1. For residue 60, only one of the following conditions fails: (1) surrounded by 18 or more Cβ atoms within 10 Å (Cβ to Cβ); (2) modelled with pLDDT under 90; (3) among the polar types (S, T, N, Q). What is its number?
2. Could you check segment 1-101 for helices (runs of 4 or more DSSP H) lying wholly inside it with 2 or more residues that are in the same structural domain as residue 171 (by TED's automatic domain parsing) and hydroxyl-bearing (Ser, Thr, Tyr)?
3. Test residue 175 against the criterion of being over 17 Å from residue 15 (Cα atoms) and in contact with an Asp or Glu (Cβ under 9 Å, 6 or more places away or on another chain), and give yes or no.
Amino acid sequence: MIKAVIFDMDGVIINSEVLWDDAMSEVLARYGAKYTRELKLLCMGKSIEETVEIKKKAYNLNVDSKKLAIEKLSAVLERYDKCLEFMPGFLKLFEQLKQRKVRMCIATASDRTLMDAVDKKLNLTDLFYGNVVVKTPNHKSKPSPDLFLDAASKLNVKPEECVVIEDSPNGVEAALSAGMKCIALTSSTTSDKLQKADLVVNSLEEINHNVIGILGLI
């Protein structure tokens, strides 16, 4: 029986994935590199420091990693302040689950700095009554199940009583490794990259339309 829904944040609750793409394009252009989304799947669910190393290698950048990470974070935070919004259908889904007394938690690879920026704009931590797990140095990055297992513990439920809503292959792998069910959202990649999930949807509205069926089905 499903008792809890664990949300990934970026690309599921907030429209941050497009903002990250835009920020990375700006930063890489400073070093004569053109950003492409080919590496996005490898980077999703990773920390800024990890994604910087991936991109440095891919684009053969001769730049200090810490400097690049600071530039990337600064560009992202600027976009959060101006353009951050909820994903279409999220608030309606949240209210439906809340009415059915489904426990909910956020489990995100974003760190505390990014979470604070999200809270400043959208008050997410308050919305979830403090049920938020952010990445710390003690967490291994997705596809490790660490974040999701911590979220289940925070909600006082068993992993098998949880369903995760994710938008990345790394996130899907992490949910399944945690022993949880997973709904994959095609907001950041194509459905063929998410086929390991128990269910693939093209929008949160698809979940809105059949919350009872989805919670019961999977």
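The values are calculated or read from the model by the stated rules, or taken from the named source; none is laboratory data. This structure is a prediction, so every number in the text was calculated from the model and none was measured. Here Cβ is always computed from backbone atoms with ideal geometry, including for glycine, and neighbour counts include all displayed protein chains.
1. (1)
2. Numbers: elements: 16-29, 40-43, 48-59, 65-83, 90-99.
Helices (runs of 4 or more DSSP H) meeting the threshold: none at all.
3. Details: over 17 Å from residue 15 (Cα atoms): yes; in contact with an Asp or Glu (Cβ under 9 Å, 6 or more places away or on another chain): yes.
Considered against the rule, which asks whether it is over 17 Å from residue 15 (Cα atoms) and in contact with an Asp or Glu (Cβ under 9 Å, 6 or more places away or on another chain), residue 175 comes out as yes.
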